[in-house]
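Below is one structure, written out as structure tokens; comments come after it.
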Amino acid sequence: MSRFEYHFVSFKPVPAKNNELHVSTINDKSVDGFHDGGTPSLSRYANELGDQGWELIFYEPATHFSDILAVRVVFKRPKE
């Protein structure tokens, strides 16, 4: 039977980076450097995890009208 591990990540817009989405939490723990844009952007982080064998399996934007307030994503890979 296949076994998997999961990685839960939230991204939020960073005003200092023209509201580009950056990592804000990983597995429900806040990430240092988020407020000044010192964390990876969504595209950079997804590609980094993809290189490590993680697959993006879930993407959910939280919006208010047309503004994106946050994005929650889930990555999965087989357990070693």
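FYI, it's all coordinate maths here, none of it is from the lab. Predicted, not measured: the structure shown is a model, and the values here were computed from it. Note that each Cβ is placed from the backbone with ideal geometry, even for glycine, and that neighbours are counted across all protein chains shown.
Using the Cα centre of the stretch 4-78 as the reference point, and only Cβ charges (+1 on K/R, -1 on D/E), how large is the resulting charge dipole? Debye, rounded to the nearest 20. Mind showing how you got there, number by number?
Details: 7 positive and 10 negative charges, 12 e Å.
Result for the stretch 4-78 is approximately 60 debye, rounded to the nearest 20.
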### Query
What lysines could a cross-link reach from K12, if we take a straight Cα to Cα line under 16 Å and drop same-chain neighbours fewer than 8 places away?
K29
### Message
Looking at the stretch 37-80, I'd like the Rg to Rh ratio, where Rg is from alpha-carbon atoms and Rh is Kirkwood's inverse mean 1/r.
### Response
1.06
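Can you tell me the length gained on complete extension of the stretch N47 to I26, counting 0.36 nm per residue apart and subtracting the Cα distance? Please report the intermediate quantities before stating the final value.
Numbers: separation 21, 0.36 × 21 = 7.56 nm, distance 1.57 nm.
Using 0.36 nm per residue and subtracting the Cα-Cα distance, I get 6.0 nm.
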### Summary
Nearest 10, in degrees from 0 to 90: the angle of helix 42-51 to the longest Cα principal axis of the chain is 20
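Counting only C-alpha contacts under 8 Å and six or more residues apart, can you give the relative contact order of the stretch 1-52 as a whole percent? Mind dumping the intermediate values first?
Details: 66 pairs, mean separation 14.7, N = 52.
That works out to 28 percent.
Net charge near F58, counting Lys/Arg +1 and Asp/Glu -1 over other residues with Cβ under 13 Å of its Cβ? It would help to have the intermediate numbers written out before the result.
Numbers: positive: R72, K76; negative: E55, E60.
Cβ neighbours under 13 Å give a net charge of 0.
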### Task
Bin width 10 Å, alpha-carbon pairs only: give the P(r) of the chain as whole percents, running from 0 to the bin holding the largest distance.
19, 49, 26, 6, 1
